[in-house]
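Report on one structure; see the data block that follows.
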């Protein structure tokens, strides 16, 4: 079955929900059982537990989820070809609890230098307090990552492409090395989603997504999803999920389920619009380089062609010189279509000037000129381009 079809039918059980085509919002803290035996054996006692994706969870209390949660887990598992799924109240929570569940004092982790900023912050500020060492590696390292592995290396954390600088990592090469050393590989797959990159097919052990973005699709929920096919890793994830008291609102799970139904057509629309906008920018004299995985100017472009089945709406571009703060503000502050925001994945276009040189520690940022990241929303492409054109004119005027 094609993934587009799975998006529509997964997580839906109208017979169990009085004919409702969408799983309703089940809000509950207390879960009741018919007998003491059923209470102590929730796997057989709770009828809603028996769904792919609910995994080994103890569903005797609302914090472990309700039928709305289980429906979302089921749908995500179907789409990602995964056995197990856990839902978190944000993408960052999915990342941090996953790391805490698999690491302990004295461990070492390898993380791509192009990683999502809050992931870096968590490693530097929190994992370090627990005596866990982080080494950042050049995202173009590929199989040479073996040179960085230590005796106490317990995880390799990837993000491909990086959501600021868009280097595409050679995930199969990294996972091949990791398997030799029995090290699990995590991938933050929020940019491509499982529709355009299959993490498990390429050797990853755990896939993370900020469902806040393309799964939600409307910039109105915070949610994270974690999937795996490894039962031992899942048991560790589940333990931490339970012991840290992680709970995601059934209302947010409902909205995520609803977002899945249109994710396929939305991603295609974002892809088409972003490619048109990027090609237009490539021809502009104010633009030096396009950092979009589908363009040859992007590091790892050949890997993207080999491993990915599509691209999405987020990319960056390098301007032709280092513009003043006032010039960049004149461009960005006066946009009519683009909003100024750090997120992406919703319906609205976003713009943000960035300076990766301030955070890189393992690989020097090679560009000296001003860098702009844009997210291409669902507005008419002609209007998006017109807004950028006017912005570039303001940029040049101030200089």
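The values are calculated or read from the model by the stated rules, or taken from the named source; none is laboratory data. The structure displayed is predicted, hence computed values, not measured ones. Quick reminder, even Gly has a Cβ in these numbers, built from the backbone with ideal geometry, and neighbours come from all protein chains shown.
Consider residue 286 carefully, then state whether it is out of contact with any helix residue (DSSP H, G or I) (no Cβ under 6 Å at 6 or more places or on another chain) and farther than 30 Å from residue 137 by Cβ. No, not satisfied. Residue 163 falls short on exactly one of the conditions (1) out of contact with any helix residue (DSSP H, G or I) (no Cβ under 7 Å at 6 or more places or on another chain); (2) modelled with pLDDT of 95 or more, and that condition is (2).
From the list 388, 395, the one residue that fits, being under 28 Å from the mean Cα position of the chain (by Cα) and assigned to a helix (DSSP H, G or I), is 388. With respect to the conditions (1) more than 21 Å from residue 123 (Cα to Cα); (2) touching a helix residue (DSSP H, G or I) at 6+ places or on another chain (Cβ under 9 Å), residue 204 falls short on a single one, namely (1).
Residues that are more than 17 Å from residue 374 (Cα to Cα) and either over 20 Å from the mean Cα position of the chain (by Cα) or outside the structural domain of residue 323 (by TED's automatic domain parsing) (or both) within the range 267-302 comprise 285, 296, 302, listed in sequence order.
Taking the range 300-336 as the range and being in a helix (DSSP H, G or I) and more than 19 Å from residue 158 (Cα to Cα) as the test, the residues that pass are 325, 326, 327, 328, 329, 330, 331, 332.
Residue by residue through the range 303-322, note down the ones that are within 18 Å of the chain's Cα centre (by Cα) and crowded, with 20+ Cβ neighbours inside 10 Å.
The answer is 304, 307, 308, 311, 312, 313, 314, 315, 316.
The residue that is nearest to residue 140 (Cα to Cα), among those in the range 337-370 that are outside any loop (DSSP other than H, G, I, E, B) and free of Cβ contacts under 8 Å to residues at least 60 places away in the same chain, is 357.
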